[in-house]
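Each remark here refers to the structure printed beneath this line.
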Amino acid sequence: MTHAPILSRRGALLGLTGAVLLGGARMALAQGPLGERRLVVVLLRGALDGLSAVQPYGDPDFAGLRGSLALPEPGQEGGVLDLGGRFGLHPALRHLHALFRQDQALVVHAVAGPWRSRSHFEAQDFMESGATRRLPDGWLNRALAAQPETGDGARRGLAVGLDIPLLLRGAVRVGSYAPPSRTQPDPDILALLAQWHGSDRVLGPAFAEGLRARGFSAAVLAGQEPPPAGTHGFVALAGAAGRLLAAPRGPRVAALEIGGWDTHAGQGARLQGPLRALDDGLDALRVALGPAWSQTAVLVLTEFGRTVRVNGTLGTDHGTGGVAFVLGGAVRGGRVIADWPGLGQGRLFENRDLMPTMDQRRIAKGLLAQHLGLNEAALSRAFPDSADATAFRGLLRAEA
């Protein structure tokens with residue numbers, strides 16, 4: 001139905017010609033024979049709760065299952081931002097909502113990869129390999145191998161990190177580089193550390209006193225409110241990516257990642273910071289791209305969703321079905337794509353998770369086909385054993 005763990009463990013995309021590490025977020029850039037088309041992939045490490053990011057307020061079972069995590073409906077104080085009825089965006093995603101209203105962003109709900117692992121590391125490995133088994137290479141490397149040679153070495157890449165991530169391992173030769181970070185820790189990380197050390201008689205008071213000097217209130221230190229606003233590393237990184245992508249001779253492909261989504265406790269307050277940083281970062285990317293935004297598609301993915309029911313610490317645990325976003329000037333947006341399974345009795349996966357009805361590979365294959373021009377044979381090589389996950393068509397205003 002269509003409706004109007006470690007923060008930086010992985011990261012890179014389609015071969016790279018430049019890279020930056022900043023404040024726990026990472027970026028990788030690639031140059032290839034794509035003309036003026038730009039492709040950006042944003043990986044949300046830690047499993048975003050899709051039911052909080054995009055609340056199905058029209059589902060009659062939602063509010064009862066979600067309790068305090070269910071925000072008010074559109075039009076009410078602190079309510080979600082309406083997506084045309086039934087679904088609403090978290091209010092921290094105001095820039096994304098503006099793009100949705102401009103038909104430049106769409107939501108894919110009840111989405112998951114073909115794996116059913118709730119391990120971050122295993123699920124991220126599967127997400128990068130494009131399979132449900134361990135493979136020595138990644139689906140983006142295999143997709144890059146399908147691109148024609150440019151004759152100037154542009155297809156050769158650079159991965160940011162201490163090693164080559166699985167995403168880029170394969171036949172296409174890439175290097176690696178780990179630049180130093182020059183930023184301070186993100187406020188969300190400091191707030192979480194304060195909670196962890198709170199019971200320590202020695203470290204707890206000293207750590208809390210230092211954070212109070214940085215503007216952290218008692219409510220923030222207790223996990224009852226989000227930390228004070230600041231410039232998140234992801235926002236600066238996304239802006240830098242946009243400027244590099246906008247350059248006439250710059251790269252045309254970029255990958256970024258942002259962590260902070262593993263919200264096992266105090267999710268209501270904990271989720272606001274990462275959502276706000278993601279939203280501000282996507283807007284910084286758009287602004288920096290300038291006119292090139294019209295030729296850009298951005299894919300936002302996470303390794304799996306989270307449980308429907310709230311746990312005893314007012315958080316959610318590792319789940320299955322979640323949400324993905326596709327945005328950009330090249331995107332045919334203004335839609336929520338969801339074969340909604342419902343949240344009622346007998347409709348949850350293993351009686352705990354949102355039932356996935358869209359294969360994550362279909363969205364990725366759709367962009368590879370429509371934006372990068374990969375044919376069926378190349379898509380099959382990028383995603384082995386994926387005949388049951390056909391490329392989802394109609395994501396872009398014009399297909400390649």
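What follows draws every value from the coordinates through simple rules; no lab data is involved. Just so we're clear, the structure is a prediction, and the values are computed from it rather than from any experiment. Please note: Cβ atoms are built from the backbone with ideal geometry, for glycine as well, and neighbour counts cover all protein chains shown.
Please compute the length gained on full extension between Phe121 and Ala387, using 0.36 nm multiplied by the number of residues separating them and subtracting their Cα-Cα distance. Spell out each step's value before the answer.
Values: separation 266, 0.36 × 266 = 95.76 nm, distance 2.53 nm.
Using 0.36 nm per residue and subtracting the Cα-Cα distance, I get 93.2 nm.
Assuming R0 = 45 Å, what is the FRET efficiency of Ser199 and Gln102, from their Cβ-Cβ distance, to the nearest 0.05? The calculated FRET efficiency here is 0.40. Look at the Cα gyration tensor of segment 321-400: its axes a ≥ b ≥ c give a/c of at least 1.5 with a/b at or below b/c, and that counts as oblate.
Starting from the Cα gyration tensor of segment 223-347, take the square roots of the eigenvalues, sort them a ≥ b ≥ c, and report rounded, prolate or oblate (rounded when a/c is under 1.5, otherwise prolate if a/b is larger than b/c, else oblate).
On the way: a/c = 2.91, a/b = 1.54, b/c = 1.89.
The shape class here is oblate.
Among the GluC sites (Glu not before Pro) in segment 60-133, those placed in a DSSP loop whose Cβ has at most 11 other Cβ atoms within 10 Å are Glu77.
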